[in-house]
Amino acid sequence: MASRFRSFAFAAAALPLALALSACGDKKTDAAPSGESAAKVAPPAGKAWSDVVTKTEEGGYRVGNPNAPIKLVEYGALSCSHCAQFAKESGEKLLNDYVGSGRVSYELRFFMLNAFDVPATLLATCGANEAVVPLSEQFWAWQPNMFTNLQTAGDPKIQQAAALPPAQRMQAIAQLAGMSEFFASRGISRDQGAACLADTAKADALAKQTETASTKYEVSGTPTFFINDAPVGTADWATLEPKLQAAGAR
């Protein structure tokens, strides 16, 4: 299985566009942790908790109080429309109200659903750690444009890009999808982006991270959430918010 996931970062670009358009999970669960109401925690002087960002050992990007009693983890894919909808629905409330209280930390761990997630994630993580979650949220809002661009390009051009050597493959896909232009307009220069897209070691690491999520944590769709290491399934914001409150964020 490990070799299958390592090759995924490069070979999966040959998948038809139709697969990417349908590759989001919708598994739900009623399980939810419960706990007493947690007290608010003041952020460091001169900062908001949303300014505190740490890259975790698991490869995620955690926003907020690193010692928050309620730890929310999302496995998300930049190509996933359900993830885009969650980002739209949760919006500022998750970061401002829940993370901002110091009671909740939010960690985004990227999951590679398909070949388009690889270059998108390489670009989203190309700059400072503090920029990763905001860029991801902006990308999710822009996501329909990516699919429009790819549909306009057509599967033959996508297959042609997939046949390129690994170091060139991600950049070709990013250009077809309009990703390079999107991130260039948000502070990731084309030269910087090209260097990140050519980082095959990081692409392999993303594939391995996806393998770990699949095998160790049984993540099969996105977005999938964990609260304090307890799986709460794939949910929209209306379903997840009460679970945060049940865990003590109230």
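Quick rundown of the values:
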read-out: Any hit, segment 104-111, residues being on the phi < 0 side of the Ramachandran plot, out of contact with any strand residue (DSSP E or B) (no Cβ under 7 Å at 6 or more places or on another chain) and not β-branched (V, I, T); value: no
read-out: Residues that are part of a helix (DSSP H, G or I) and open to solvent by 10 Å² or more (accessible area, probe 1.4 Å), drawn from segment 207-235; value: K208, Q209, E211, T212, S214, T215, K216
read-out: Scope segment 191-206; condition part of a loop (DSSP other than H, G, I, E, B) and in contact (Cβ under 8 Å) with a residue 60 or more places away in the chain; matching residues; value: D199
read-out: Lone qualifier among I188, I173 - being outside any helix (DSSP H, G or I) and at pLDDT 95 or above; value: I188
read-out: Of all residues in segment 236-248 being open to solvent by 10 Å² or more (accessible area, probe 1.4 Å) and assigned to a loop (DSSP other than H, G, I, E, B), the one that is farthest from E74 (Cα to Cα); value: A247
read-out: Some residue of segment 174-181 being open to solvent by less than 80 Å² (accessible area, probe 1.4 Å) and farther than 20 Å from K202 by Cβ; value: yes
read-out: Hits in segment 62-82 (condition: touching a helix residue (DSSP H, G or I) at 6+ places or on another chain (Cβ under 9 Å) and over 23 Å from R103 (Cα atoms)); value: A77, L78, S79, C80, S81
read-out: Residue ID - nearest to S50 (Cα to Cα), chosen from residues in segment 94-106 that are part of a helix (DSSP H, G or I) and among the small types (G, A, S); value: G100
read-out: Residue within segment 39-49 that is charged (D, E, K, R) and either within 22 Å of A238 (Cα to Cα) or open to solvent by less than 30 Å² (accessible area, probe 1.4 Å) (or both) present; value: no
read-out: Selection status of G91, in a helix (DSSP H, G or I), free of Cβ contacts under 8 Å to residues at least 24 places away in the same chain and either more than 30 Å from L176 (Cβ to Cβ) or open to solvent by less than 30 Å² (accessible area, probe 1.4 Å) (or both); value: yes
read-out: Hits in segment 59-88 (condition: farther than 22 Å from W140 by Cα and surrounded by fewer than 17 Cβ atoms within 10 Å (Cβ to Cβ)); value: P66, N67
read-out: Test: residue in segment 146-155 that is under 19 Å from the mean Cα position of the chain (by Cα), modelled with pLDDT of 95 or more and either part of a helix (DSSP H, G or I) or not charged (D, E, K, R) (or both); value: yes
read-out: Residue check for A167: in a helix (DSSP H, G or I), open to solvent by 60 Å² or more (accessible area, probe 1.4 Å) and among the aliphatic types (A, V, I, L, M); value: no
read-out: Unique residue being small (G, A, S) and surrounded by 23 or more Cβ atoms within 10 Å (Cβ to Cβ) when the list is A153, A131, A120, A141; value: A120
read-out: Filter result (touching a Pro at 6+ places or on another chain (Cβ under 9 Å) and of a type outside the set (V, I, T)) within segment 88-117; value: G100, G102, R103, S105, F111
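The values are calculated or read from the model by the stated rules, or taken from the named source; none is laboratory data. All values reported here derive from a predicted model rather than from experimental measurement. All Cβ positions, glycine included, derive from the backbone under ideal geometry; neighbour counts span all protein chains shown. To get the accessible areas, we keep the full protein, side chains included, count just its heavy atoms, and leave off ligands, DNA and RNA. Shrake-Rupley method; radii C 1.70, N 1.55, O 1.52, S 1.80 Å.
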